[in-house]
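The values are calculated or read from the model by the stated rules, or taken from the named source; none is laboratory data. These numbers come from a predicted model, not from an experiment. Methodologically, a virtual Cβ is constructed for each residue, glycine included, from the backbone with ideal geometry; neighbour enumeration extends over all protein chains shown. Remember, those area values only see protein heavy atoms, side chains included, never the ligands or the DNA or RNA. Shrake-Rupley method; radii C 1.70, N 1.55, O 1.52, S 1.80 Å.
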Amino acid sequence: MILYDAVAGGSDSIGWIAAFIGCLGFGSFAVPMKGEAANSVDVDPLVFQTYKTAMSFITCWFVLLLGVEFQYTPIGIISGLLWVPAGTVGIYGVRNAGIAVCVGTWSGVTVLVSFIWGLFIFGEQVRSRVQTFLAVVLLLFGLSGMAYFSASNVQQSNSKDNKASFQLSSSLTLENDLSQRLLGNHDDD
């Protein structure tokens with residue numbers, strides 16, 4: 001098994017190279033979702049996720065050519081069942097919040113969730129729990145700052161306008177409802 005031998009017999013540098021390639025892939029896979037071609041036809045997020053899932057299924061078999069042995073595990077099915085809805089709502093997020101905010105946020109949250117699984121569920125060791133805790137705190141501050149400061153002025157003003165519009169329409173609806181109840185005007189449709 002070529003791939004397994006290369007990873008198992010190699011140093012940490014192979015893991016770092018794989019992580020870097022993974023970061024490039026995960027950091028840029030959302031780019032086609034924001035492209036003109038995808039936006040011009042307004043592809044439904046579930047359809048877009050179907051394209052992603054189909055390509056993942058087709059390309060996953062290439063590792064067999066590298067000598068990796070085929071194995072079936074129920075955890076793979078569970079992982080796929082979690083991945084499809086996560087990818088679908090990710091597409092909604094990219095379309096509405098943008099690539100920078102959405103991918104940046106879910107990447108940071110992914111790090112935290114993976115950290116929790118690794119440390120507390122699988123019992124993986126870290127060099128220093130104190131330094132790891134400080135790193136997690138810094139990550140949380142960074143995520144909070146990114147989420148707060150990444151919205152453009154247009155998005156912030158639209159958000160304020162929408163809140164004001166909602167409050168105005170809600171108060172008008174409430175006043176209208178109260179006046180109808182007080183005056184006894186009931187519309188029977």
- Query: Is segment 61-83 home to any residue that is under 27 Å from SER144 (Cα atoms) and of a type in the set (A, V, I, L, M)?
  - Reply: yes
- Query: Taking the condition under 17 Å from the mean Cα position of the chain (by Cα) and on the phi > 0 side of the Ramachandran plot, does GLY90 pass?
  - Reply: no
- How many of the residues in segment 58-79 are assigned to a loop (DSSP other than H, G, I, E, B), in contact with a helix residue (DSSP H, G or I) (Cβ under 7 Å, 6 or more places away or on another chain) and open to solvent by 70 Å² or more (accessible area, probe 1.4 Å)? 1
- Task: Look at ALA54 and say whether it is more than 22 Å from THR110 (Cα to Cα), part of a helix (DSSP H, G or I), at pLDDT below 80 and of a type in the set (A, V, I, L, M, F, W, C).
- Result: no
- Selected residue (criterion: surrounded by the fewest Cβ atoms within 10 Å (Cβ to Cβ)) from residues of segment 109-127 that are without any contact (Cβ under 8 Å) to a residue 12 or more places away in the chain and among the β-branched types (Val, Ile, Thr): ILE121
- Query: Just one of the numbered conditions (1) farther than 13 Å from LEU143 by Cβ; (2) surrounded by 13 or more Cβ atoms within 10 Å (Cβ to Cβ) is not true of CYS102; which one?
  - Reply: (1)
- Taking segment 128-162 and the residues there that are surrounded by fewer than 11 Cβ atoms within 10 Å (Cβ to Cβ) and not in a helix (DSSP H, G or I), the one that is modelled with the lowest pLDDT would be SER152
